[in-house]
Amino acid sequence: RQRLRELYVRLLEAAGLWERLLAVDPADERAARALMQASLDAGNRGEVVRQCGRLRESLRVDLGVGPQAATVAIYEKALALGGAQPTGIAERVRGLLAWGIIQLNSGDFGDAGQKGAEARTLAIAAEL
């Protein structure tokens, strides 16, 4: 069964069937990042934010880690998109926390602490 699953995953990757791959493995960051990039390219900021949230939760629950820097970079680009809606404080707090987790995972505890403190300050000020 495991071998068949691995072959199926490789087939989905080769075909670029990212939605199906995420149905098999919601914590597949490469698949999520590909969908996020496609949504960003289409100007769909909201979908990037939603997809990143689902991925972040899957990574946290399944693996106990945060998203990679490349994933957070796409998320940050989506937040920076101009449009009718300005970036909300809650979205900014989530972005800071994601960067903090990346710094923490890479062993840069000083920057991780700084991002955490910034997120905390914003969250308290906004009464989140």
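Read-outs throughout are calculated quantities, based only on the coordinates presented, and are distinct from any laboratory measurement. Because the structure is predicted, anything quoted here is derived from the model rather than measured. Cβ: placed from backbone, ideal geometry, glycine included. Neighbour counts: every protein chain shown.
Observations, loosely collected:
- Loop-located GluC sites (Glu not before Pro) in the stretch 41-128 (DSSP state other than H, G, I, E, B) with a sparse environment of at most 16 neighbouring Cβ atoms within 10 Å: Glu127.
- Each of Val24, Val61, Leu79 was placed along the dipole of the stretch 1-114 (beta-carbon charges, centred on the mean Cα), and the one lying farthest toward the positive end is Val24.
- Estimated 222 nm signal from helices in the chain, with DSSP H stretches of n ≥ 4 weighted -39500 (n - 2.57), rounded to 500: -23500 deg cm²/dmol
- Under the shape rule built on the C-alpha gyration tensor, where the axes satisfy a ≥ b ≥ c, the chain is oblate, since a/c reaches at least 1.5 while a/b does not exceed b/c.
- Percent of Cα-Cα distances greater than 14 Å, calculated over the stretch 88-128: 40
- Per-residue Cβ neighbour rank within 10 angstrom, fewest leading, Thr121, Thr71: Thr121, Thr71
- Over all other residues within a Cβ to Cβ distance under 10 Å of Ala98, the charged ones net out to +2, with Lys and Arg as +1 and Asp and Glu as -1.
- Loop-located trypsin sites (Lys or Arg not before Pro) in the stretch 1-101 (DSSP state not H, G, I, E or B) with no more than 15 neighbouring Cβ atoms inside 10 Å: Arg1.
- Computed from Cα positions, the angle between helix 45-58 and the longest principal axis of the chain comes to roughly 80 degrees.
- Calculated FRET efficiency, Ala80 to Arg1, Cβ-Cβ distance, R0 = 41 Å: about 0.40 to the nearest 0.05.
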